[in-house]
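Since the structure comes first, as structure tokens, the remarks are kept for the end.
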Amino acid sequence: MALSKKFFPLEYYSQPINEGYQLLPIRFHRMKKGDYLITNMVGEHKIVNQEFLTRLVEGSVSIEDSEYNDLKAKHILMDRDSNVAIDLLSLKYRTKQYSISQFTALHIFVVSLRCDYTCKYCQVSRRMEGDNSFDMSENTALLALDLVFKSPSKAIKIEFQGGEPLLNFPVIKFIVEEALKINKTEERNLQFVITSNLTYLNEEVLEFCERHHIYISTSLDGPEALHNKNRPRPDKDGYQKTVDGIRIIQDYLGRDRVSALMTTTSESLEIPREIIDEYVRLDLHAVFLRPLSPYGFALKTKQMQKYNIDNWLQFYKEGLEYILDLNKSGYFLIEQYTLIILKKILTPSNPGYVDLQSPSGAGITAIVYNYDGDVYASDEARMLKEMGDDKFRLGSVHNNTYEEILLSDQLLDALEDSLTESVPMCTDCGLQTYCGSDPVYHYATQGDVVGKKPLSFFCKKNTSIIEHVFKLLEDPENKNILEGWIK
Amino acid sequence: MIKLQSQKNIITFDKNIVLILKVTTTPFLSKVLRNNKALILDYVTDHDIEGFGIVFSKKKEDSNINGVQYLDEDLHYLVDGDVIRVIPHRNSVRAIYRIESSANFLFVTERCNSYCLMCSQPPRKVNDSHLIEELIEAVPLIDKGAKELGITGGEPTLLGERFFTLVRVIKSNLPNTSLHILSNGRNFSDPKLALQLAKINHPDLMLGIPLYSDVSHIHDFVVQADGAFDETIRGILNLKRHLQKVEIRVVIHKQTYERLPQLAEFIGRNLQFIDHVALMGLEITGFTRANLDELWIDPIDYSDQLSEATRILSRYGVRVSIYNLQRCLIPRSQWKYAVKSISDWKNKYYEECNGCAEKNNCGGFFASSDIKRSKMINAIYEE
């Protein structure tokens with residue numbers, strides 16, 4: 001039986017399709033098994049085989065192909081029947097790039113360089129505990145706050161870092177209270193985070209964090225022996241102090257108010273499960289598996305040379321597999337970097353992660369105010385300066401205006417060179433939309449902000465992780481878990 | 001099921017006019033309040049019935065009394081606060097607004113620029129512009145406490161300026177009433193129209209706009225209008241640009257169920273800012289009857305696609321509901337999305353529903369399900 005004769009069949013409305021189609025801007029990437037991942041400029045994708053890809057590019061795919069409707073709906077191709085794809089693509093592109101229009105949201109205050117730890121991978125420079133000439137002054141803090149509120153961003157996050165920021169708690173208090181005062185008229189969505197090793201956590205700090213809903217972020221590298229080896233304290237009690245601190249915050253401020261991240265050393269590589277178990281025991285629900293960064297003490301102590309990218313990727317994959325297993329057993333646990341990649345693949349928005357943006361988020365997504373008022377494009381940029389290279393020092397709160405700092409050649413040149421859309425190799429890469437660039441990293445490792453991608457740890461890491469995530473998404477059970485991470 | 005309209009009334013005055021009146025059952029009303037009221041009496045005694053817009057008795061014999069009309073039995077449910085339209089020379093009385101119903105829709109035109117395969121209200125090319133004039137007159141009579149009011153057709157925007165006038169009249173008379181407009185959205189592809197609606201600044205207005213596929217040719221086929229997909233999408237974008245609330249309505253049938261998950265994905269990717277998505281079971285009425293073989297699929301056979309669609313939309317943070325589908329025909333996991341959506345004046349239950357523990361949570365069936373319904377209807381018992 002057919003339609004009543006007043007109606008036209010589907011074939012009638014499909015006629016314009018037979019006149020052919022045009023490809024919308026796409027890139028493709030050969031996956032491990034030989035299939036090709038097709039991506040468009042806003043992260044929509046379809047995996048096809050080589051024969052199909054060839055036909056698609058030649059223009060010989062037709063509505064007879066079962067993939068046709070998917071490719072059309074995902075705005076990989078456009079046919080004569082409809083041109084609203086252009087409106088939608090531009091809308092989605094604006095959505096993906098929205099964070100750039102918002103400008104700097106994350107403002108990092110290095111309130112002290114002092115620290116009670118002597119971590120062998122410390123990427124920042126540390127000073128002895130007693131020496132408060134490396135503390136941020138109230139005057140510097142006020143000038144930095146002026147710049148913070150010059151940013152047009154509706155959301156402002158102020159993060160306190162160090163050294164150990166709690167060693168200069170009075171200035172943290174001062175900054176929070178002054179920022180809140182300014183915000184009475186500014187009315188931004190204002191948030192605070194303290195990145196601390198928790199040694200100096202006390203009643204006063206907790207009470208203050210409670211009153212102003214401050215989040216706390218800390219480092220937990222794994223089991224006691226590993227943690228204490230990576231992060232030595234004179235009293236060899238770093239692990240215990242960290243774990244106790246996490247529990248106190250969970251009880252006092254709330255379960256969601258503390259998070260931890262880990263740094264991978266060569267000693268970590270063999271024990272991803274044991275490291276993750278530490279997080280589960282502490283009822284933490286997020287792990288951030290991070291490789292070493294090539295700055296500061298990590299270079300000085302030759303930590304960087306002890307493992308290569310393949311070792312680390314092996315560690316990451318094993319860790320992620322274990323995390324998925326834990327989820328399957330009912331324990332909700334996310335891996336932060338994977339989540340960032342997932343959001344880029346599976347949602348129309350952009351998670352706004354500094355190192356996975358184009359242009360790079362250095363300076364424009366996050367900016368660093370050093371204890372002395374110097375302004376840097378990133379935490380890593382500050383470290384470069386400590387190593388004697390002021391390539392990414394943008395100015396000082398004492399001498400420069402907001403415009404001078406954010407329109408400085410140091411920043412603009414680096415950003416211009418960080419556009420993956422035009423960077424050699426990135427420009428053709430099928431994973432471009434999920435990746436980003438890190439000019440400071442490439443400058444530090446290769447002496448060039450663009451860098452040669454075949455030699456880049458950054459490129460290898462992201463390519464492998466993105467490929468791996470796509471592989472995981474092929475399995476329905478994993479897919480369900482991974483999608484569940486995106487709130 | 002109740003009837004909204006009857007022509008079996010006996011109305012003896014034969015003036016060629018249309019009366020829009022509010023129902024009252026109180027004959028003692030002050031004279032000053034009587035002129036836009038329809039007095040409905042069980043029977044007439046020696047009441048003073050001077051000054052009412054019309055007087056009805058529920059007793060047929062009373063129509064012999066001068067100035068008293070007979071109200072057909074089908075409309076005896078009318079109560080104080082209802083609003084009716086009376087066309088005396090046709091003996092016609094129609095309920096425009098029923099105070100006890102939660103689903104009052106103002107039917108503004110039979111005309112439409114689409115011709116959907118499953119249209120429950122087949123469009124006609126008629127000049128029915130009197131309808132909207134009657135409704136504009138009726139709005140001030142509607143109870144100020146009304147929670148919700150709908151506008152439907154046909155395609156309301158075909159009325160042009162008068163459509164916007166109706167919305168403005170509703171806003172000024174019923175500022176606390178949610179307004180739900182069913183439109184195919186195509187005319188809002190003109191940015192000026194979207195702006196015009198936004199400028200009325202109704203505090204609680206939602207447009208329900210159908211989208212049947214993630215690809216243009218299938219949507220255009222379902223609505224039988226070339227280019228409709230692009231127009232609807234642009235209409236939605238224009239409305240959202242002006243911060244109007246938009247709901248996407250998807251009727252699930254044989255031509256739409258297969259790509260339901262892909263449609264959900266399309267909405268999540270492209271229209272994530274949409275305010276609500278309603279996934280709707282098919283009503284066997286209007287054109288659906290003519291095209292039944294090309295449209296009917298037992299809901300039990302698309303439960304996978306339905307579950308996948310709600311999962312995808314939820315993942316994108318898009319609010320989703322299931323309308324017109326009975327609890328026994330959808331997976332338990334989907335119950336949380338299912339809404340009792342079938343209007344009280346057209347729903348019913350079947351023998352199989354007897355003893356069903358979920359009957360109170362279930363919308364029941366359209367009366368039209370007599371023609372075709374799932375083979376799997378069965379009572380659900382407490383576990």
(message) Of everything in segment A:49-74, what is farther than 24 Å from A:P348 by Cα and not in a helix (DSSP H, G or I)? Give them in sequence order.
(response) A:N49, A:G59, A:S60, A:V61, A:S62, A:I63, A:E64, A:D65, A:S66
(request) Go through segment A:57-66 residue by residue and tally those that are touching a helix residue (DSSP H, G or I) at 6+ places or on another chain (Cβ under 7 Å) and either of a type outside the set (S, T, Y) or crowded, with 18+ Cβ neighbours inside 10 Å (or both). (result) 2
(message) Just to be sure I understand, how many residues within segment A:1-48 are closer than 17 Å to B:D220 by Cα and more than 14 Å from every other protein chain (Cβ to nearest Cβ)?
(response) 0
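Looking at A:D81, A:D135 in this structure, which one is crowded, with 20+ Cβ neighbours inside 10 Å, over 30 Å from A:G436 (Cα atoms) and within 11 Å of another protein chain (Cβ to nearest Cβ)?
Values: A:D135 fails: within 11 Å of another protein chain (Cβ to nearest Cβ).
After ruling out the rest, the residue left standing is A:D81.
Picking from A:S396, A:S418, A:S422, A:S378, which residue would you name as being among the hydroxyl-bearing types (S, T, Y) and in contact with a Gly (Cβ under 6 Å, 6 or more places away or on another chain)? Please lay out each step first, then the result.
Numbers: A:S418 fails: in contact with a Gly (Cβ under 6 Å, 6 or more places away or on another chain); A:S422 fails: in contact with a Gly (Cβ under 6 Å, 6 or more places away or on another chain); A:S378 fails: in contact with a Gly (Cβ under 6 Å, 6 or more places away or on another chain).
Going through A:S396, A:S418, A:S422, A:S378 in turn, just one is among the hydroxyl-bearing types (S, T, Y) and in contact with a Gly (Cβ under 6 Å, 6 or more places away or on another chain): A:S396.
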(message) Kindly evaluate B:L149 against the criterion of being more than 20 Å from B:E283 (Cβ to Cβ), assigned to a strand (DSSP E or B) and either touching a helix residue (DSSP H, G or I) at 6+ places or on another chain (Cβ under 9 Å) or of a type in the set (S, T, N, Q) (or both).
(response) yes
(request) Would you check if B:T165 is among the β-branched types (V, I, T) and surrounded by fewer than 18 Cβ atoms within 10 Å (Cβ to Cβ)? (result) yes
(message) Can you tell me which residue is nearest to the other protein chains (Cβ to nearest Cβ) among those in segment B:280-303 that are surrounded by 19 or more Cβ atoms within 10 Å (Cβ to Cβ) and of a type in the set (S, T, Y)?
(response) B:T288
(message) Given the criterion more than 23 Å from A:P165 (Cα to Cα) and assigned by TED's automatic domain parsing to the domain that holds A:S112, identify the matching residue among A:T263, A:T185, A:T195.
(response) A:T185
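If you check A:Y98 against the conditions, is it under 21 Å from the mean Cα position of the chain (by Cα) and either more than 8 Å from every other protein chain (Cβ to nearest Cβ) or not polar (S, T, N, Q) (or both)?
Numbers: under 21 Å from the mean Cα position of the chain (by Cα): yes; either more than 8 Å from every other protein chain (Cβ to nearest Cβ) or not polar (S, T, N, Q) (or both): yes.
Taking the combined requirement at face value, the residue satisfies it.
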(request) Tell me which residues, restricted to segment A:58-78, are over 30 Å from A:L356 (Cα atoms) and either within 9 Å of chain B (Cβ to nearest Cβ) or among the aliphatic types (A, V, I, L, M) (or both). (result) A:V61, A:I63, A:Y68, A:N69
(request) Given the conditions (1) in contact with a Lys or Arg (Cβ under 7 Å, 6 or more places away or on another chain); (2) crowded, with 20+ Cβ neighbours inside 10 Å; (3) farther than 13 Å from B:D214 by Cα; (4) not aromatic (F, W, Y), report the number of the one that A:K74 does not fulfil. (result) (3)
(request) Give me a count of the residues in segment B:3-24 that are loosely packed, with under 14 Cβ neighbours inside 10 Å and β-branched (V, I, T). (result) 1
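Which of the following residues is more than 18 Å from the chain's Cα centre (by Cα), at pLDDT 95 or above and closer than 24 Å to A:K6 by Cβ: B:N187, B:N173? Before the answer, list the steps.
On the way: B:N173 fails: closer than 24 Å to A:K6 by Cβ.
Going through B:N187, B:N173 in turn, the sole match is B:N187.
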(message) Tell me whether segment B:251-258 contains one or more residues that are more than 27 Å from A:E67 (Cβ to Cβ), surrounded by fewer than 24 Cβ atoms within 10 Å (Cβ to Cβ), modelled with pLDDT of 95 or more and touching a Leu at 6+ places or on another chain (Cβ under 8 Å).
(response) no
(request) Would you mention how many residues in segment A:149-205 are assigned to a loop (DSSP other than H, G, I, E, B) and within 25 Å of A:F103 (Cβ to Cβ)? (result) 8
(message) Just to be sure I understand, how many residues within segment A:337-372 are at negative phi and either among the charged types (D, E, K, R) or assigned to a loop (DSSP other than H, G, I, E, B) (or both)?
(response) 21
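State the number of residues belonging to segment A:388-445 that are of a type in the set (S, T, N, Q), more than 27 Å from A:L37 (Cα to Cα) and in contact (Cβ under 8 Å) with a residue 40 or more places away in the chain. Step through it out loud before you land on a result.
Narrowing segment A:388-445 to residues of a type in the set (S, T, N, Q): A:396, A:399-401, A:408, A:410, A:418, A:420, A:422, A:427, A:432-433, A:437, A:445.
If we keep only those that are more than 27 Å from A:L37 (Cα to Cα) too, we end up with A:396, A:399-401, A:408, A:410, A:445.
Now narrow it down to the ones that are in contact (Cβ under 8 Å) with a residue 40 or more places away in the chain: A:445.
Number satisfying all stated conditions: 1.
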(request) Could you check, for segment A:75-89, whether at least one of its residues is among the hydroxyl-bearing types (S, T, Y), free of Cβ contacts under 8 Å to residues at least 24 places away in the same chain and in a helix (DSSP H, G or I)? (result) no
(message) Looking at A:L342 and the list (1) modelled with pLDDT of 90 or more; (2) more than 26 Å from A:K461 (Cα to Cα); (3) not hydroxyl-bearing (S, T, Y), which single condition is not satisfied?
(response) (2)
(message) If a residue counts only when it is away from every other protein chain (no Cβ under 14 Å), which helices (runs of 4 or more DSSP H) contained entirely in segment B:179-257 have at least 1 such residues?
(response) B:191-200
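Does B:N91 satisfy the criteria of being on the phi > 0 side of the Ramachandran plot and of a type in the set (S, T, N, Q)?
Against the criterion (on the phi > 0 side of the Ramachandran plot and of a type in the set (S, T, N, Q)), B:N91 qualifies.
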(message) On the basis of being assigned to a helix (DSSP H, G or I) and in contact (Cβ under 8 Å) with a residue 12 or more places away in the chain, does A:L143 make the cut?
(response) yes
(message) All but one of (1) surrounded by fewer than 23 Cβ atoms within 10 Å (Cβ to Cβ); (2) under 24 Å from A:S14 (Cα atoms); (3) more than 8 Å from chain A (Cβ to nearest Cβ) hold for B:A264; state the number of the condition that does not hold.
(response) (1)
(message) Can you tell me how many residues within segment A:57-83 are out of contact with any strand residue (DSSP E or B) (no Cβ under 9 Å at 6 or more places or on another chain) and of a type in the set (D, E)?
(response) 4
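Restricted to segment B:267-276, and to residues that are under 23 Å from the mean Cα position of the chain (by Cα) and of a type outside the set (D, E, K, R), which residue is farthest from the other protein chains (Cβ to nearest Cβ)? Show your work before the answer.
Step one: list which residues in segment B:267-276 are under 23 Å from the mean Cα position of the chain (by Cα), which gives B:274-276.
With of a type outside the set (D, E, K, R) added as a condition, the list becomes B:274, B:276.
Working: B:I274: 12, B:H276: 18 Å.
Ranking the qualifying residues of segment B:267-276, first place goes to B:H276.
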(message) Take A:L299 and tell me if it is crowded, with 18+ Cβ neighbours inside 10 Å, modelled with pLDDT under 95 and assigned to a helix (DSSP H, G or I).
(response) yes
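So, A:L412, is that one more than 19 Å from A:I108 (Cβ to Cβ) and among the aliphatic types (A, V, I, L, M) or not?
On the way: more than 19 Å from A:I108 (Cβ to Cβ): yes; among the aliphatic types (A, V, I, L, M): yes.
Spelling it out, A:L412 is indeed more than 19 Å from A:I108 (Cβ to Cβ) and among the aliphatic types (A, V, I, L, M).
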(message) I need a count of the residues in segment A:377-387 that are closer than 18 Å to A:G447 by Cβ and in contact (Cβ under 8 Å) with a residue 60 or more places away in the chain.
(response) 7
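Would you tally the residues in segment B:45-104 being assigned to a helix (DSSP H, G or I) and in contact with a helix residue (DSSP H, G or I) (Cβ under 8 Å, 6 or more places away or on another chain)?
We begin by selecting, within segment B:45-104, every residue assigned to a helix (DSSP H, G or I); these are B:60-64, B:73-75, B:88-90.
Keeping just the survivors that are in contact with a helix residue (DSSP H, G or I) (Cβ under 8 Å, 6 or more places away or on another chain) gives none.
Final tally of qualifying residues: 0.
The values are calculated or read from the model by the stated rules, or taken from the named source; none is laboratory data. Keep in mind the model is a prediction, meaning the values are calculated, not measured. All Cβ positions, even for glycine, are placed from backbone atoms using ideal geometry, and neighbour counts span all protein chains on display.
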